[in-house]
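Visitor: The structure's right below; bear with me while I get my questions together.
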Amino acid sequence: MAAPLTLLLIVAVTIRAVLFRSSLAELIPERVEVVSPLNAWKRVVEGLALLDLGVSPYAGDVFHETPLIIYFFHFVIDYAEIVFMMADALTAVALYLAVKDYNKTVFRKQKYALEAERYPLDCLELIRTPKEMYYIPLKVAMFYLLNPFTILSCVAKSTCGLNNAVIALFILCTVKGSSLMSAIFLALATYQSIYPLTLFAPALLYLLQRLYIPVNWQRSSFWLFTTQYTFMYLGSLCVMVCLSFFLLSSWDFLSSVYGFILSVPDLTPNIGLFWYFFAEMFEHFRLFFICVFQINVFFYTIPLSIKLKEHPIFLIFMQIAIISIFKSYPTVGDIALYMAFLPAWNHLYRFLRNIFLVSVVLLACSALFPVLWHLWIYAGSANSNFYYAITLLFNVAQILLVSDYFYAYLRREHHLTHGLYLKRKDGSEATLVLK
């Protein structure tokens, strides 16, 4: 598999290198679907200019990235294109290795269950074979590297690509069972954008599962490991925040980065749900609805963790998708990360109900974004309602996609326990309904 992966990396880097040298390299960074006030490259450049002048990059209302990012690019600004291409390649390789290791774990558990005769005889067709699982890691890497959303994000030099790399490394370290590195990369992802905090629960569940520690509130081993992982996570986060203060000799970055993410003061149009709603919001209602919208991102963590406590990797996929849909400043680069996992769930395709409709809607919306933007901003023959309507449809399609995979996953697990062909007490065929 090393040769196909190497070839894939070469093709992906070549595509990005060609686009960096084309006229599109100036157009793409201006697209509001690709960059946001948080991760736009031109804002990083302005922050670096202020830093070089001896002025705090957070003195104005331009730069909203973290201090570690600006000091990182302070040294590699001349090689920015290479850095972003390497970040995409690193993300793909990390996902490849993580999914490969995860598939081995799944196959091993499946083998033990078959030997113990835990599966009903009529659901043996749902069992995954080594042949069908062999190419899944390569498909995951391909879905990420050749996804137009990923390519656009890289060519725009959006720092979203760096965030994706950190999350991919976190997933890899978690799957490998490295508690310390998992906590460090999760802390770095949280330091970058707050929302990856929701990935703490699935990471903890997976590491507990790997160490054969049951989720039991009365077991001392459960509390001991949970305390250790929490301490490593919070300790790493504190070190990063303190290092940021040491570099800047100021706490200004807290309000400029995290305050900016949570309070959403910049209502530049994007593919998210916040900008239009709060542009039309009466000021005295703003704080209440800001809290409602932000809590919405974190709200699903506990119920999903309870429902999927035996399946933490699928829970990570769900949480990344929820973050991408409901965060305050989403871009297409965020969407590309969770879409890369879709080949890992190819065994769920037979249970998906709306996959064709959702795929068509996502493709249509992706094509209509620049069209409606042009009609609104340049032609003047449309208004913001048109653009927000397509944004709403795009997000509804994503929600349907994620909920469809959630339904399919639960349905397959139910069939593996109770059989594929369900019968009522009177012998008639039963229908499975998810409530």
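Visitor: Restricting attention to the stretch 263-357, which chymotrypsin sites (Phe, Trp or Tyr not before Pro) occupy a DSSP loop and are surrounded by at most 10 other Cβ atoms within 10 Å?
Guide: Here the chymotrypsin sites (Phe, Trp or Tyr not before Pro) that fit, given the DSSP loop and packing criteria, are 282.
Visitor: Would you mind calculating the gained length between residue 146 and residue 250 on full extension (0.36 nm times residue separation, minus the Cα-Cα distance), in nm to one decimal?
Guide: Full-extension gain reported as 33.4 nm.
Visitor: With 22 Å as the limit, write out which pairs from 111/307; 100/307; 104/139 have Cα-Cα distances beyond it, or answer none.
Guide: 111/307; 100/307
Visitor: Further question: Does anyone have the angle between helix 41-52 and the longest principal axis of the chain? Alpha-carbon axes, 0 to 90°, nearest 10?
Guide: On a 0 to 90 degree scale, this one is about 50.
Visitor: Now for a separate question. Taking all protein chains as present, what is the carbon and sulfur share of the accessible area of the chain, in % to the nearest whole number, probe 1.4 Å?
Guide: 68 percent
Visitor: Separate question: All other residues with a Cβ under 10 Å from the Cβ of residue 177 taken together, and with Lys, Arg as +1 and Asp, Glu as -1, what is their net charge?
Guide: Around residue 177, the charge tally is +1.
Visitor: What full-extension length gain, to one decimal in nm, is calculated for residue 374 and residue 234 as 0.36 nm per residue of separation minus the Cα-Cα distance?
Guide: Extra length from residue 374 to residue 234 when fully extended: 45.9 nm.
Visitor: Can I ask one more? Using helices alone, what [θ] at 222 nm do you get for the chain, with -39,500 (n - 2.57) per DSSP H run of 4 or more residues, divided over all residues and rounded to the nearest 500? Display every interim value, and only then the final one.
Guide: Values: 20 runs with 287 residues, N = 435.
One gets -21500 deg cm²/dmol as the mean residue ellipticity at 222 nm.
Visitor: Can I ask one more? Between residue 11 and residue 134, what FRET efficiency follows from the Cβ-Cβ distance if R0 is 25 Å, with the result rounded to 0.05?
Guide: Numbers: r = 21 Å, r/R0 = 0.82.
With a Förster radius of 25 Å, E is 0.75.
Visitor: Could the peptides 57-63, 229-235 be put in order, highest first, of the mean number of other beta-carbon atoms found within 10 Å of their residues?
Guide: Top of the packing list down: 57-63, 229-235.
Visitor: State the answer as a single residue: which of 84, 323, 182 lies farthest towards the positive end of the charge dipole of the chain, with beta carbon charges of +1 for Lys and Arg and -1 for Asp and Glu, about the Cα centre.
Guide: 182
Visitor: Using the Karplus curve 6.51 cos²θ - 1.76 cosθ + 1.60 with θ = phi - 60°, work out ³J(HN,Hα) for each residue of the stretch 221-233 in order, rounded to whole Hz, and write x for Gly and Pro.
Guide: Per residue, the Karplus-derived 3J(HN,Hα) values read 4, 4, 5, 5, 5, 4, 5, 4, 5, 4, 5, 5, 5 Hz.
Visitor: Calculate, in nm to one decimal, what residue 418 and residue 221 gain on full extension: separation in residues at 0.36 nm each, minus their alpha carbon distance.
Guide: Separation in residues times 0.36 nm, less the Cα-Cα distance, equals 67.7 nm.
Visitor: Right, here's the next one. Rounded to the nearest 0.05, what FRET efficiency do residue 283 and residue 42 give with R0 = 25 Å and r taken as the Cβ-Cβ distance? Could you check?
Guide: Calculated transfer efficiency: 0.25.
Visitor: Explain nothing, just compute: Karplus ³J(HN,Hα) = 6.51 cos²θ - 1.76 cosθ + 1.60, θ = phi - 60°, for every residue of the stretch 176-182 in order, whole Hz, x for Gly and Pro.
Guide: Calculated HN-Hα couplings, in order: 6, x, 8, 5, 5, 5, 4 Hz.
Visitor: Report the Cα centroid-to-centroid distance between the stretch 261-334 and the stretch 29-100 in angstrom, as an integer.
Guide: 22 Å
Visitor: Report relative contact order for the stretch 117-236 in percent, whole number only (criteria: Cα-Cα under 8 Å, sequence separation at least 6).
Guide: It comes to 19 percent, rounded to a whole number.
Visitor: With +1 on each Lys and Arg Cβ and -1 on each Asp and Glu Cβ, how big is the dipole of the stretch 1-90 about its Cα centre, in debye rounded to the nearest 20?
Guide: 220 debye
Visitor: Related question: Among 206-216, 134-144, 254-264, how do they line up by average Cβ neighbours within 10 Å per residue, starting with the highest? Don't skip to the end; give the middle numbers.
Guide: Values: 206-216: 15.3, 134-144: 19.8, 254-264: 17.3.
Listed from highest to lowest mean packing, they are 134-144, 254-264, 206-216.
Visitor: With every protein chain left in place, what is the accessible area per residue of the chain in square angstrom, probe 1.4 Å?
Guide: Here the residues of the chain average 48 Å² of exposed surface.
Visitor: Can you work out ³J(HN,Hα) from phi for every residue in the stretch 400-414, in order, using Karplus 6.51 cos²θ - 1.76 cosθ + 1.60 and θ = phi - 60°, giving whole Hz and x for Gly and Pro?
Guide: For the stretch 400-414, the Karplus curve yields 5, 4, 5, 5, 5, 5, 4, 4, 5, 5, 5, 5, 4, 5, 5 Hz.
Visitor: Moving on to the next point. Can you tell me the 0 to 90 degree angle between the C-alpha axis of helix 67-76 and the longest principal axis of the chain, rounded to 10?
Guide: 70 degrees
Visitor: Among all stretches of the chain without exposed GluC sites (Glu not before Pro) (DSSP loop, at most 11 other Cβ atoms within 10 Å), which one is longest?
Guide: Longest run free of exposed loop sites: 118-279.
The values are calculated or read from the model by the stated rules, or taken from the named source; none is laboratory data. Nothing here was measured: the structure is a model prediction, and the numbers come from that model. Cβ: placed from backbone, ideal geometry, glycine included. Neighbour counts: every protein chain shown. We work out accessible area using only protein heavy atoms, side chains counted, and drop any ligands, DNA or RNA first. Shrake-Rupley method; radii C 1.70, N 1.55, O 1.52, S 1.80 Å.
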